[in-house]
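Here's the structure we're looking at; comments come further down.
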Amino acid sequence: MLARVWSASIVGIDAIQVGVEVDVSGGLPGITVVGLPDTAVQEAKERVKAALKNAGYAFPMRKVVINLTPADLRKEGPSFDLPISVGIMAASEQVNPELLGDYLFLGEVSLDGSLRPVAGVLPIAAAAAQMGIAGLVVPADNAKEAAVVKDIAVYGLKNLAEVADFLNTPAAYQPVRWDNVKESASPQLHPPDLKDVKGQTHARRALEIAAAGGHNLIFVGPPGSGKTMLARRLPGILPPLSFAEALEVTQIHSVAGLLKNRGSLVSDRPFRSPHHSASGPSLVGGGSFPRPGEISLAHRGILFLDELTEFKRDVLEFLRQPLEDGCVTVSRTRQSVMFPAQFTLVASTNPCPCGYFGDPIQACTCSPRQREQYWAKLSGPLMDRIDLQVAVNRLKPEEITRQTSGEETETVRQRVQQARDRTYHRFQAEPALRCNAQMQSRHLKQWCELDDAARNLLEGAIRKLGLSARASDRVLKVARTIADLAGEEQLKTNHVAEAIQYRTIDRMQ
């Protein structure tokens, strides 16, 4: 007898419907899996055989052929265990096959017949709803994640016995409901507060501008000046994720397998901080079966690179295209996948190898040649893409001992939200734009028009600092954000002047 069960496979962060055809016929007992299965799928036949027997179901002692369609799509992972099990039970007439065409099955099967969670359930649920599938049958631990998609019924089951009972008596089961208040994958209970930061008025201002406009930011200063502490407080002043943005972020984390036992929806903006020993593929994504890297996991959030100059130069060059395009494409022989990567880059570094160049307290021991080689690790095109370049000095003794603190995170967040609201209103006709940093040249002509005084100031800065066309455009974007924070629509000379201040360490040596 032939049975067909629907499942799905992940390519990048997109789900593709997969048919699992099981044929039980006469011949020597054995099981064959065809349709470009990887090792984990090939091993499914042994897991399924033991699971069915231990769960109290008969495994047919006949010839069993399992075909995974489309045949030219590589199938990977243990998520096909459940559809293969269901197909075998249906083909051997142990369950009612009438409902198989209406549901999509996904899950790993343990040897005792219990169902284990798998990665990538959320994008599959979203795709299943668009395919017209009536319901999704997944392991109980994946049910809340899949139930975020409201247009499809999700059934979270614990073992093969429940799956068989569901197919025979579906009316006895109720779909899982998602509570958007209680279900959160990453609650941030105690975010670091800006009020803990003493002094550093200039750096705090740069954080506020970066949050309001989505601008890339680098802090340069000696050890102990507070660069990392400042960077880790940026997520707290960013506006919250919208539901659509949260879905985007959660789908990426789901594919990466980061949602297991963590809830259903990522509610906070990501903050990713890879070590400086990270490789290029770990940043951009890759592998034989491409998976998202750190820059995609930072989508709609922050990618923090501490000690930027300690990263290998070729690794940093991988950032140039994602910073410009907001996505990264990973090409392999059989397929090419695209991962979203609209993130804010925040970096920190010392001004020289010893860390004390320009420090008024401790003398620098580096030669000019050493400083030149140190900064040569950062290419001009990469620095062009960093909008805000801020020098952070060590605090004076009186600032360290002073008991007064700065503004609280909540106060700054409110100003950032007001500036973002002005941005959203301005970009109503451009839904792809979410912040000023994403503006293109045509948008600058429309929303960043300068008067004669401001234009002359910018032209002088371009000559004196040697700014490229890309860098000058980013000055305009920062000036637009500064004006939004001030509640002003027209760019003025003071807005441009402040924006220029953040380009003065392009090539510090």
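The values are calculated or read from the model by the stated rules, or taken from the named source; none is laboratory data. Since the structure is predicted, the reported quantities are computational estimates derived from the model, not experimental observations. Here the Cβ is made from the backbone with ideal geometry for all residues, glycine too, and neighbour counts use every protein chain on show. The protein model used for the area step is the full one, side chains on, heavy atoms only, and it has no ligands, DNA or RNA in it. Shrake-Rupley method; radii C 1.70, N 1.55, O 1.52, S 1.80 Å.
Working note: Karplus 6.51/-1.76/1.60 with θ = phi - 60° gives the stretch 487-496 the couplings x, 10, 8, 8, 6, 10, 4, 5, 5, 5 Hz, where Gly and Pro are set to x. Taking a ≥ b ≥ c as the square roots of the eigenvalues of the alpha carbon gyration tensor, the stretch 58-118 is rounded, as a/c is under 1.5. To the nearest 10, the accessible area of residue 165 is 70 Å² with a 1.4 Å probe. Along the axis of the charge dipole computed for the chain (Cβ charges of +1 for Lys and Arg, -1 for Asp and Glu, origin at the Cα centre), the listed residues 176, 15, 225 are led at the positive end by 225. Against the chain, whose longest principal axis comes from its Cα atoms, helix 409-426 is set at around 80 degrees. Counting only protein chain heavy atoms and rolling a 1.4 Å probe, the accessible areas of 442, 402, 371, 177 rank, largest first, as 177, 442, 402, 371.
Can you pull the percent of the chain's accessible area that's carbon plus sulfur, 1.4 Å probe, other chains left in place? About 49 percent, which is the carbon plus sulfur part of the accessible surface. For the residue pairs 198/477; 312/464; 377/445; 45/158, alpha carbon separations beyond 22 Å are given by 198/477; 312/464; 377/445. Across the protein chains, with a 1.4 Å probe defining accessible surface, the residues 320, 204, 463 rank 463, 320, 204 from largest area downward. For the chain, the relative contact order is 13 percent, taking Cα pairs closer than 8 Å that sit 6 or more residues apart in sequence and dividing their mean separation by the residue count. Under the simplified labelling scheme, the residue 2-residue 399 pair shows an inter-label distance of 7.6 nm, with each label point 7 Å from Cα along Cα→Cβ. If the chain linking residue 504 and residue 63 were pulled fully straight, counting 0.36 nm for each residue of separation and taking away their Cα-Cα distance, it would gain 151.4 nm.
Using the average count of surrounding beta-carbon atoms within 10 Å as a protection proxy, the listed peptides 429-438, 278-287, 123-132 rank, highest first, as 123-132, 278-287, 429-438.
Ranked by the mean number of other Cβ atoms within 10 Å of their residues, highest first, the peptides 107-118, 92-103 come out as 107-118, 92-103. Indicate, rounded to the nearest 5 percent, the antiparallel portion of the DSSP beta bridges found entirely in the chain. Given both bridge residues lie in the chain, the antiparallel proportion sits at roughly 50 percent. Between the Cα long axis of helix 469-485 and the first principal axis of the chain there is an angle of about 90°, rounded to the nearest 10. Report, in degrees rounded to the nearest 10, the 0 to 90 angle that the Cα long axis of helix 452-465 makes with the longest principal axis of the chain. Roughly 80 degrees, rounded to the nearest 10. For the peptides 417-424, 207-214, the ranking by mean Cβ contacts within 10 Å, running from highest to lowest, is 207-214, 417-424.
In the list (i) -0.61, -1.00; (ii) -0.37, -0.83; (iii) -0.41, -0.86, the label attached to log10 I(q)/I(0) by the Debye sum over Cα atoms at q = 0.06, 0.10 Å⁻¹ as derived from the coordinates here is (ii).
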